[in-house]
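The values are calculated or read from the model by the stated rules, or taken from the named source; none is laboratory data. The model shown is predicted, which means the values in this text are computed figures rather than measured ones. Neighbour counts are summed over all protein chains in view; Cβ atoms, including those assigned to glycine, are modelled from backbone coordinates with ideal geometry. Please note that ligands, DNA and RNA were not included when accessible areas were found on the heavy atoms of the full protein model with its side chains. Shrake-Rupley method; radii C 1.70, N 1.55, O 1.52, S 1.80 Å.
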Amino acid sequence: MRISVMQQLKVDLSERSYDILIGAGLLDEPGSAAAEIFAGRSILLIADTNTAPLYLERARTAINKAGAARCESFVFPAGEENKNFATLEELLRHAASLELDRKSCFVALGGGVCGDMTGFAASCYMRGVDFVQIPTSLLAMVDSSVGGKTGIDLPEGKNLVGAFWQPQLVIIDPTLLKTLPARELRCGLAEVAKYAVIMDSELFDILDEYAERLLALDLELYEEIVARCCQLKADVVAQDEREGGIRAILNYGHTFGHALEIVTDFTLNHGEAVAVGMNMAGTLAVDMGVFNKKDLLRQIQLLNDLELPQTFFGAQTEDVFKAMFKDKKQSGGKLVLILPEKLGKVRIERNADEKMVRQAIGSCL
C-alpha cells in the first residue's frame with residue numbers, strides 16, 4: 001500500500017464542505033488550510049485531562065504560528081461520564097468569560113467525547129461559531145471527527161442532545177496514535193471493521209491480512225486505513241448529511257452496543273460494545289436468513305484477530321433489550337437495526353421480530 005506525504009479528502013456538502021487532512025506531523029505543521037481558518041481569530045482549544053498533557057502546548061504553538069490573534073484553552077475531566085450538560089455549561093461560560101465573539105473558533109483536541117462536545121458547544125455559542133477537529137484517538141480519526149454529528153449524553157441515553165454542525169477542517173496526524181493505550185486502539189479498530197462489513201469487502205480482506213500489523217501500530221498502514229475510512233464516511237455524509245436514509249448504515253452494531261454501554265455503566269468501552277453489537281447484529285441476520293453463517297464466522301474471526309470481544313458476561317438479555325429503545329434511532333416504538341446481507345453490504349431493518357432480537361442478544365451474553 002503506497003502512502004502519500006499528506007492525503008487531502010473533501011466532504012462535499014455544498015457551502016458546508018470541508019477538507020480532511022491526513023499525514024504525519026500535521027499537529028505541529030497543519031499548513032495553509034489551517035492558517036486560512038486560524039489567522040487573526042480568537043481560538044478556544046479544548047482538550048481533556050488525558051490529551052492536554054500530551055498535546056495541548058504543541059497544538060497551541062501550531063495555532064499561534066498559523067496566525068491566531070490569541071489561543072485560549074479549556075480542559076475538562078476525561079471520560080464519557082463527563083460528556084454532559086454540566087461540562088457543556090462550564091465550557092460555554094468559560095468562552096463567555098474570555099469574551100469570545102461570533103468570529104471565534106473552537107478546536108477539539110481529543111477523542112470522540114471531546115469532539116462531540118466541542119462541536120455541540122460550537123453550535124450553541126453565539127448561535128453558532130466555527131470549529132475544527134484534531135482527533136487524537138483512532139475512533140475519532142476514522143469516524144466521529146467526520147460528519148458533523150455532535151452532542152452530549154443524558155442519564156437516559158447516549159447522544160440524546162446534540163446538533164448537526166459540520167467542522168471547518170479535520171486535521172489527522174496518525175503519529176498521535178503512538179500514545180494511545182492499546183485498549184483504545186482496539187476500540188478504534190472496531191469502527192474500522194464496521195466500515196469493512198457495511199460497505200467495503202476489499203477493506204475487510206486488508207484487515208484480515210494485516211491484523212497483526214495493525215495491532216503492532218504500523219503507522220504507514222494506519223495512514224492508509226484512516227484515509228480509506230474517512231473517504232467512505234465522507235461519501236455517505238455527502239449523500240445523507242442528517243441521517244434521513246443511507247447514513248443510518250454507519251450505526252451497524254451501535255444500537256446493540258449503546259445499550260450494552262448503558263447497562264454496564266460503561267464497563268465496556270465504545271469499541272468493545274460495538275464489537276459485541278456487531279456479533280449480535282450478525283447473529284440476528286443469520287437467524288433471519290439474510291446473512292450467510294460463513295460470513296458471520298469470518299466477522300467473528302476478524303474481531304478475534306483484532307483482539308475485540310464478541311461476548312460479554314455480566315448483563316441480562318432483557319436489560320439490554322429494553323435499553324435499545326432508549327436509542328435515538330428507534331422510531332415509533334420500533335427498533336431500527338442495521339443488519340448485514342454479505343460482507344460489504346447491509347440493510348436497514350425496521351421489522352425484526354422482537355423474540356429473535358432477544359435471542360441474538362442472549363447468544364452473546
**Separation between Cα centres of the stretch 58-99 and the stretch 206-269, rounded to whole Å** = 26
**Message:** Under 5 Å between amide hydrogens, which residues at least 5 positions from I172 or on another chain qualify, with H placed 1.01 Å from N in the peptide plane?
**Reply:** L21, I22, G23
**Message:** Over the stretch 233-333, with the other protein chains present, what is the accessible area per residue in square angstrom, probe 1.4 angstrom?
**Reply:** 39
**Prompt:** Just F266, F120, F131 to compare: in a GNM of the chain, with alpha carbon springs under 10 Å, which one fluctuates most?
**Reply:** F266
**DSSP bridge pairs, the chain: antiparallel proportion in percent, nearest 5** = 40
**Message:** Skipping prolines and chain starts, which residues have an amide H placed within reach, meaning under 5 Å, of the one on D130, given they are 5 or more residues away or on another chain?
**Reply:** F106
**Message:** Using DSSP to call loops (not H, G, I, E or B), can you name the trypsin sites (Lys or Arg not before Pro) in the stretch 85-161 whose Cβ has at most 13 other Cβ atoms within 10 angstrom?
**Reply:** R102, K103
**Request:** Rounded to whole Hz and in sequence order, give me ³J(HN,Hα) for the stretch 160-169 from the Karplus expression 6.51 cos²θ - 1.76 cosθ + 1.60, θ = phi - 60°, writing x for Gly and Pro.
**Result:** 7, 10, x, 7, 7, 9, 6, x, 7, 6
**Item:** Neighbour-limited loop hits for trypsin sites (Lys or Arg not before Pro), the stretch 262-365 (at most 12 other Cβ within 10 Å; DSSP other than H, G, I, E, B)
**Value:** R350
**Complete:** A 1.4 Å probe over the protein heavy atoms gives the stretch 37-79 a carbon and sulfur accessible-area percentage of 53
**Request:** Report, in whole Å, the centroid distance computed from the Cα atoms of the stretch 118-140 and the stretch 146-172.
**Result:** 8
**Request:** With a 1.4 Å probe and all protein chains in place, put E15, E223, E184, E243 in order of accessible area, largest first.
**Result:** E15, E184, E243, E223
**Request:** Go ahead and set up a Gaussian network model of the chain, Cα springs under 10 Å, then flag whichever of I246, I134, I338 fluctuates most.
**Result:** I246
**Message:** Loop-only trypsin sites (Lys or Arg not before Pro) in the stretch 1-53, please: DSSP not H, G, I, E or B, and at most 11 other Cβ atoms within 10 Å.
**Reply:** R2
**Item:** Environment charge at S97 (Cβ cut-off 15 Å; Lys +1, Arg +1, Asp -1, Glu -1)
**Value:** -3
**Prompt:** Leaving out ligands, DNA and RNA, what percent of the accessible area of the stretch 153-227 is carbon and sulfur, probe 1.4 Å?
**Reply:** 47
**Nonlocal amide H pairs with L100, under 5 Å, H built at 1.01 Å** = none
**Item:** Label-point separation in nm, T179 to E81, each point 7 Å along Cα→Cβ
**Value:** 2.4
**Message:** Can you work out the Karplus-derived ³J(HN,Hα) for every residue in the stretch 69-74? Use 6.51 cos²θ - 1.76 cosθ + 1.60 with θ = phi - 60°, whole Hz, and x for glycine or proline.
**Reply:** 5, 7, 9, 9, 9, 9
**Message:** Through the Karplus equation 6.51 cos²θ - 1.76 cosθ + 1.60, θ set to phi - 60°, convert the phi angles of the stretch 194-203 into ³J(HN,Hα) values in whole Hz; use x for Gly and Pro.
**Reply:** 4, 4, 4, 5, 7, 7, 8, 5, 5, 4
**Asked** Which of these, P155, P167, P309, has the largest mean-square fluctuation under a Gaussian network model of the chain (Cα springs below 10 Å)?
**Response** P155
**Item:** Accessible area (Å², per residue) of the stretch 129-184, counting only protein heavy atoms and a probe of 1.4 Å
**Value:** 29
**Message:** Below 12 angstrom from the Cβ of F204, what's the summed charge of the other residues (Lys, Arg +1; Asp, Glu -1)?
**Reply:** -2
**Complete:** With Cα coordinates, the longest principal axis of the chain makes an angle with the long axis of helix 52-65, in degrees rounded to 10, of 50
**Message:** Going by average Cβ density within 10 Å per residue, which order do the peptides 229-239, 136-146 take, highest to lowest?
**Reply:** 136-146, 229-239
